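One structure is given here, and the rest of the page talks about it.
Just so it is clear, none of the values below were taken in a lab; they were calculated from the coordinates. As the structure is a computational prediction, the values presented were derived from the model and not from experiment. Neighbour counts run over all protein chains shown; Cβ positions are idealised from the backbone, glycine included.
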Amino acid sequence: MSEIKMTVNGKPVGGDVADNMLLVEFIRETLRLTGTHVGCDTSQCGACVVHVDGKAVKSCTMLAAAADGAEVTTIEGVANGDLHPMQKAFNDNHGLQCGFCTPGMIMSGIDMVNRYKAEGKTLDEAAIRHELEGNICRCTGYHNIVKSISQAAGEM
Amino acid sequence: MSQGIGAAVKRKEDKRFTTGKGKYTDDIRMENQAYAAFVRSPHAHARVNSIDTSAAEAMDGVIAILNGAELTGDGIGNIICGWAITSKDGSPMNMGAWSALATEKTRYVGDAVAIVIAETNAQARAAAEAVDIDYEELPVAASLAAALSDGAPQIHENAPGNIVYDWEIGENEATEAALAGAAHITKMDITNNRLSPNPMEPRSAVAIYDDAEDHYTLYTTSQNPHVARLVLSAFYNVAPEHKLRVIAPDVGGGFGSKIYIYPEEIACLWASMKTNRSVKWTSDRTEAFLTDAHGRDHVTKARMGFDQDGRIVGFKVSTKANFGAYMSLFSSAVPTYLYATLLSGTYNIPNIYCEVLGVYTNTVPVDAYRGAGRPEASYLVERMIETAAREMGKDPADLRNINFIREFPHQTPVIMNYDSGDFEGNMRQAMVAADWAGFGARKAESAMRGKLRGIGMSCYIEACGIAPSAAVGSLGAGVGLWESAEVRMNPVGTIEVLTGSHSHGQGHETTFAQVVADRFGVPIDTVQIVHGDTDKVQFGMGTYGSRSGPVGMSAIVKALDKLEVKIRKLAAHLLEASEADIVIEDGQVKVDGTNKVLAWHEVGLAAYTGHNLPEGMEPGLKEGAFYDPLNFTFPMGCFICEVEVDPQTGKTEILKFVASDDFGTIINPMIVDGQVHGGIAQGVGQAMLEEVRYSEDGQQLSASYMDYAMPRADDLPDFDVLHHSTPCTTNPLGMKGCGEAGAIGTPPAVINAITDAIGNNDLSMPATPAKVWAALNSATIAAE
Amino acid sequence: MHSTNYHAATTAAEAASLLSSAEDGALLAGGQTLLPTMKARLAAPSDLIDISRAEELRGISVTDGTAIIGAMTTHAEVAGHAELRSAFPALCDLAGRIGDPAVRHRGTIGGSLANNDPAACYPAAVLGTGATISTNKRDIAADDYFEGMFATALDAGEVITSITFPIPDAANYQKFAQPASRFALVGVFVAKSADRVRVAVTGASEEGVFRWTNAETSLSSDFTADAIGGLSVSSQGMISDLHGDGSYRANLVQVLTARAVAAAS
């Protein structure tokens, strides 16, 4: 067991966790924030993407203990009152169907927009498709996900 | 802005999904919840000599370890296939016994042998690893060829030669005679690659036994909770229907794989009773590859004959279909009535004969996956006609055009009766959008850059709206395929629609509400769609085969019809007018030509107070309906794909993809286009990326995303999706269904394009870079 | 995942000490390979020593003709480092195509090199430049470091601390992605310095990353894609799997090398 303390969606949380507990298990099972999903075992699908210290990571491929002291944001924490522009863009553009990959898509979308803005680069549709390499959707064919992220990039 | 039929209304359900508030099965946690893990066979074919659980039972947190002998001893029934197919010789199909937990033998890698219940998921998995099973390995048949070879191991005792059935449809002699007189015959051997459906949400179940009530509740990832309850009750003897509630909450995609009732749900329900604990099981992705029903896996020989003018005179098809180790719920219908009945395609073919050999192998059971039989038919027909055009030196669009069916209704030689369509209209629209005429210049430009450009089309047709109950009953279906709906108007005027359809991404909460909004002019926010719970919705056959629109919504329309009759009668009474003069619009009830009006909530209140009802009218506003379709519906369309191949690496890039579809009436074009996008992506996946591969000894070589290539955003282009609709003539809204079209029409368009680019028609799916490169090199060698 | 004991080490020395006292310990860097392997129950170390936050193992310094990268520097940090990009863009491009953005936020150069996956990208850059791998015990030349699939010259208890790259005059990395995993089906790193050309190939060989010495010889006298046109690559010993057989990989080695040379010149 390890004792950990972290901030999740702005709130301090912590406690003793098993040393083999994954961050996603801590989020889903301990904190009961079930918006973060698990869709594969090999770090490819991206349904589990959260932000750790402001960066997108796959919470299924990080130990909870390794997030000690970190600031974590999950899908439940991105909105500041109203919907985040990325959340709204997914609704505006029909960027989701079954919704299972959607939290990871939104977290990756926010991360890529933030990075491109910080670097002063243009996030065009080709760049969005490339940046989505780590997020798999089986429903949408990505067409409307790309449109959603593109819209949000203009609004964020 | 209109929220009725035809409006691109944004989805009502999105807020919970975009904010992480969706409630999927694995998000549910019960008090007193334990976790299940399955002990699975590592061998594709083995005798189970003994199961030693002593070490595992002593491990931390282990509550129980249960096996197949105990399961069958408790009277839990074998898993069944619900569609009886009769062989050519009149004999019934050979359904091998499938116990939820294998007893004497295991027949594929992943076959469950025991279930471990423990306090935590980790403890259950650790203990499952520690169960010691003495297997005696048996010879393995992991492919069609191996299962049909001389001396092949016998997988089920009651299926000699591993044959499930040897079925036929159409006229063999007439077809052979037509082919004998043909001016040109195109012959092809075609393989339809095996796929894993891969909804992003893995299957999951939470089984809850209440010993005080002797009642079971199952939360599960199902496309059809009522069908699940029916078979769990009637065939698997878990509990009688009134003691079993099945809830399919938010479900993260299905694509067919969540139609079936799998061993895990049965075992979890039973284990919940045995342990008196709530039992949760959630698949991981590798387990999904090893246990979710696979799709496709056909090997076909076909001949298509043409007369001097290029008109098709006969089409003969011989298909071998891989069933895997057991017959899954709809498996028998997929390579027969969902496949061979579509072999006429969009063409007027006077003679068709098809024979299908169903075959057991030591692999995961195979069943319906998005399209189910129709992608296999469409791929065959559209590859054949494209190849024929190349062989005869004809323009592929012209050859299709002279063979198109133009008059409706059209009776094909293989059961189906097409009601409507404009096949040439869709093809022409797609060709304009794809700038078919300008392809030559683009090809030349690619050649300047050392690239090979190709273009290919497919003019698919499929059958949805499954299905008229009496018709499918006569063909062997064990259930009726109607749909039910109930519409309740509340005293305040809001409306609840209870439907037997199930939404797992299709957006029913929005589109079904639009049908109500269209009828009464009420805002969709005042309409609530209730689905997925057998305690709330009386019955339903669920969502698959693109049936939620043509069948599910038709049931809602029928219930709305009844509700409207009552509202008119009540309003006429209250407004002292003739029923014929009552107009319902904009959420108001008016008397035509007067200023008499009732607000919507006044109608509801009047019905529920019952203070002033017409003579003999019951209080309340609630109507139900069962809708049984009159015919299948026939979505069709033309897809055109343009690709560029890098000859040095074999890598193919899709430059443009145009889809022009006829779905009949469209409720919400935004959602329909989304369905097409997703279908195209899965079709591109089948054509270029995806394949389940087995080793000779039956190990699945592609059981994770490290080796099973899922389409990603940068594998796909932006899609051009167009519509050219003719209303369906056999259902009230004129809908044909749109859920599977993309997956059905895409693979032949892609392969026709790639083979056009590389100048070698000998290319199988998935057309990976390595395969395209090899095909290019063999073409080069042949040319030299 | 089997149970394990987690330790966070702040220095290489502490990590080495924790490792030596563990029954069957393993270093945890970014965890992007080790954790999935443990989840699949294919690895079960008794102890995990997390070095990902050891400050002394992080960071990038670019000095005269040399780039030194701390072992726990993430792929994203390498890809996004402005000074490194202006001096050695090929290395930034390589790092920017490993995995996906989320993986690059966690995965590290040291973790990649210690694991030495036969389809990993970094080994091609390290071998292709003739870099030096520094550990808590010694410096290891790239040519002595890679010992086949998942095998390296590292001893038990040895901790990679940094990698020193000689910055080439021109370089380029060409990656052809395996369609499912997006690892390198074949990746070729070409580096040209004043006195020599090196060509390192990953993804292709059953022996792991290797130098294509025939190409190096030809390119040293004529650094053009045409110079290797006459060379052939044998499919002997090339990996053959679901995604391509040996002859396809051999072809990719040739094609990607030519493209890397063209892009680097």
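Applying a DSSP loop filter and a limit of 12 other Cβ atoms within 10 Å to the trypsin sites (Lys or Arg not before Pro) in segment B:433-471 leaves B:Arg449. In terms of surrounding Cβ atoms within a 10 Å radius of their Cβ, C:His2, B:His298 rank from fewest to most as C:His2, B:His298.
For segment A:2-76, the C-alpha radius of gyration divided by 2.2 N^0.38 Å, with N the number of residues, is 0.96. With the Kirkwood sum run over all distinct C-alpha pairs, chain A has a hydrodynamic radius of 15.7 Å.
With a cut-off of 15 Å on the backbone N, the residues of segment B:347-378 near the modelled label site 7 Å out from B:Ser91 along Cα-Cβ are B:357-360.
Full extension of the segment from B:Asp307 to B:Lys562, taken as 0.36 nm per residue of separation minus the current Cα-Cα distance, would add 86.4 nm. Rounded to 0.05, the FRET efficiency of the A:Lys11 and B:Asp586 pair, given R0 = 56 Å and the Cβ-Cβ distance, is 0.75. Here segment B:658-709 and segment C:213-265 have alpha carbon centers that stand 34 Å from each other. Scanning residues 5 or more positions from B:Thr221 or on other chains, those with amide H under 5 Å from its amide H are B:Ser204, with H placed 1.01 Å from N in the peptide plane. For segment C:170-264, report the translational diffusion coefficient in µm²/s to the nearest whole number, using Stokes-Einstein at 4 °C, 1.567 mPa s, and a Kirkwood Rh over Cα pairs. The diffusion coefficient I find is 99 µm²/s.
Full extension of the segment from B:Ser54 to B:Asn32, taken as 0.36 nm per residue of separation minus the current Cα-Cα distance, would add 5.5 nm.
Take every Cα pair under 8 Å whose residues are at least 6 apart in sequence, average their separation, divide by the length of chain B, and the relative contact order is 16 percent. Dividing the summed -39500 (n - 2.57) terms of all DSSP H runs of n ≥ 4 by the residue count of chain C sets its mean residue ellipticity at 222 nm at -9000 deg cm²/dmol. For the pair segment B:302-367 and segment C:151-198, the centres of their Cα atoms are 51 angstrom apart. Can you tell which of B:Ala142, B:Thr106, B:Tyr165 lies farthest toward the positive end of the dipole of segment B:98-222, using +1 and -1 charges on the Cβ of basic and acidic side chains (Lys, Arg; Asp, Glu)? Checked the options; the winner is B:Ala142. Taking only the alpha carbons of chain B, we obtain Rg and Dmax values of 27.4, 92 Å in that order.
For the protein assembly as shown, the residue among B:Met541, B:Ser446, B:Thr755 whose Cα projects farthest onto the positive side of the dipole built from Cβ charges is B:Ser446.
At most 12 other Cβ atoms within 10 Å plus a DSSP loop assignment makes a site exposed; report the longest stretch of chain A without any exposed trypsin sites (Lys or Arg not before Pro). Longest gap between qualifying sites, sites excluded: A:33-120.
For chain B, with only Lys/Arg (+1) and Asp/Glu (-1) charged at the beta-carbon, what is the dipole magnitude about the Cα centre, in debye rounded to 20?
980 debye
A dipole drawn for the protein assembly as shown from +1 and -1 charges on Cβ atoms has a positive end, and of C:Leu242, B:Thr665, B:Gly181 the residue lying farthest that way is B:Thr665. Taken one residue at a time, the phi angles of segment A:49-59 give Karplus couplings (6.51, -1.76, 1.60, θ = phi - 60°) of 5, 10, 9, 10, 6, x, 10, 5, 9, 8, 6 Hz. Gly and Pro are set to x.
Computed from the C-beta positions of C:Phe223 and C:Thr66 and an R0 of 30 Å, the FRET efficiency is 0.85 to the nearest 0.05. Entry for chain C at q = 0.13, 0.17 Å⁻¹: log10 I(q)/I(0) = -0.80, -1.32, Debye formula applied to identical alpha-carbon scatterers, no solvent contribution. Extending 7 Å from Cα along the Cβ direction at B:Glu129 and again at B:Asp697 yields two label points whose distance is 2.1 nm. At an R0 of 56 angstrom, the distance between the Cβ atoms of B:Glu576 and B:Lys243 translates into a FRET efficiency of 0.65. In this structure, the pairs whose alpha-carbon distance is over 28 Å, taken from A:Lys55/A:Lys121; B:Lys23/B:Lys558; A:Lys88/A:Lys117; A:Lys11/B:Lys536; B:Lys15/B:Lys651, are B:Lys23/B:Lys558; A:Lys11/B:Lys536; B:Lys15/B:Lys651.
Around the Cα centre of the protein assembly as shown, unit charges on the Cβ atoms of Lys, Arg, Asp and Glu (plus for the first two, minus for the last two) sum to a dipole of about 1680 debye.
Divide by every residue of chain B the summed helix terms, -39500 (n - 2.57) for each DSSP H run of at least 4, and state the resulting mean residue ellipticity at 222 nm, rounded to the nearest 500 deg cm²/dmol.
-8500 deg cm²/dmol
For the peptide A:30-39, the mean number of other protein chain Cβ atoms found within 10 angstrom of a residue's Cβ is 5. Across segment C:174-199, the residues whose backbone nitrogen lies under 16 Å from the label position 7 Å along the beta-carbon direction of C:Asp143 are C:191-199. Normalised by the number of residues in chain A, the average gap of Cα pairs under 8 Å and 6 or more apart makes the relative contact order 25 percent.
Which translational diffusion coefficient, to the nearest whole µm²/s, is obtained for segment A:85-155 from the Stokes-Einstein equation, given a Kirkwood hydrodynamic radius over C-alpha pairs, 20 °C and 1.002 mPa s?
183 µm²/s
Model label points for B:Arg16 and B:Asp395, set 7 angstrom from Cα along the Cα-to-Cβ axis, are 5.3 nm apart.
Neighbour counts of other Cβ atoms within 10 Å put B:Asp26, B:Asp60, B:Asp561 in the fewest-to-most order B:Asp60, B:Asp561, B:Asp26. Taking one quarter of the surface of the C-alpha convex hull of segment B:482-627 gives a mean projected area of 8.6 nm². With kT/(6 pi eta Rh) evaluated at 4 °C and eta = 1.567 mPa s, and Rh the Kirkwood radius from Cα pairs, the protein assembly as shown diffuses with a coefficient of 41 µm²/s according to Stokes-Einstein. Quarter the surface of the alpha carbon convex hull of segment B:604-761 and you get the mean projected area, 16.5 square nanometres.
Between the alpha-carbon centres of segment B:415-459 and segment B:68-111 there is a gap of 46 Å.
Short-range pairs are left out: with C-alpha atoms under 8 Å and at least six residues apart, the relative contact order of segment C:170-264 is 31 percent. Peptide A:43-50 has a mean shielding of 6, counted as Cβ atoms of other protein chains within 10 Å of each residue's Cβ.
Could you work out, residue by residue across A:100-106, how many beta carbons of other chains sit within 10 Å of that residue's beta carbon, and then give the average as an integer?
Working: counts 13, 5, 8, 6, 2, 2, 4.
Mean shielding by partner chains, rounded to a whole number: 6.
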